[in-house]
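Visitor: Sending over a structure as structure tokens; questions will come in a sec.
The values are calculated or read from the model by the stated rules, or taken from the named source; none is laboratory data. Remember, it's a predicted structure, so these values are computed and weren't measured experimentally. Cβ placement follows ideal geometry from the backbone for every residue including glycine, while neighbour counts extend to all protein chains displayed.
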């Protein structure tokens, strides 16, 4: 273990692989520079809501979207994890 440590704070848990690959690539580059790198997966309520399948019922658009997705509980549970 080195005394040169770097924490990478990122939100790399959305529903695409690009953000995870970018976080991994950055970690590898930092390690090749001689540092110990650790990824810290940051998340808050706003970001979870942004990537959520269902939306709050605060507009006609969101209500319609929730109604359309209602018959597909498997999709909702898969995307909200």
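Visitor: Restricting the search to segment 57-74, which residues are at pLDDT below 75 and either under 21 Å from residue 43 (Cβ atoms) or outside any helix (DSSP H, G or I) (or both)?
Guide: Initially, segment 57-74 is screened for residues at pLDDT below 75, giving 66, 70-74.
Passing the criteria: 70, 71, 72.
Visitor: Further, regarding this structure: Inspect all residues belonging to segment 31-51 and state whether any of them is assigned to a helix (DSSP H, G or I) and at pLDDT 90 or above.
Guide: In the first step, residues of segment 31-51 are kept if they are assigned to a helix (DSSP H, G or I); the result is 31-32, 45-50.
Those left that are additionally at pLDDT 90 or above: 31-32.
Checking segment 31-51: at least one residue is assigned to a helix (DSSP H, G or I) and at pLDDT 90 or above.
Visitor: What are the pairs, 6+ residues apart or on separate chains, where a residue within segment 5-32 that is more than 23 Å from residue 45 (Cβ to Cβ) has its Cβ under 7 Å from a residue that is modelled with pLDDT of 80 or more and in a loop (DSSP other than H, G, I, E, B)?
Guide: What qualifies is 5/35; 6/35.
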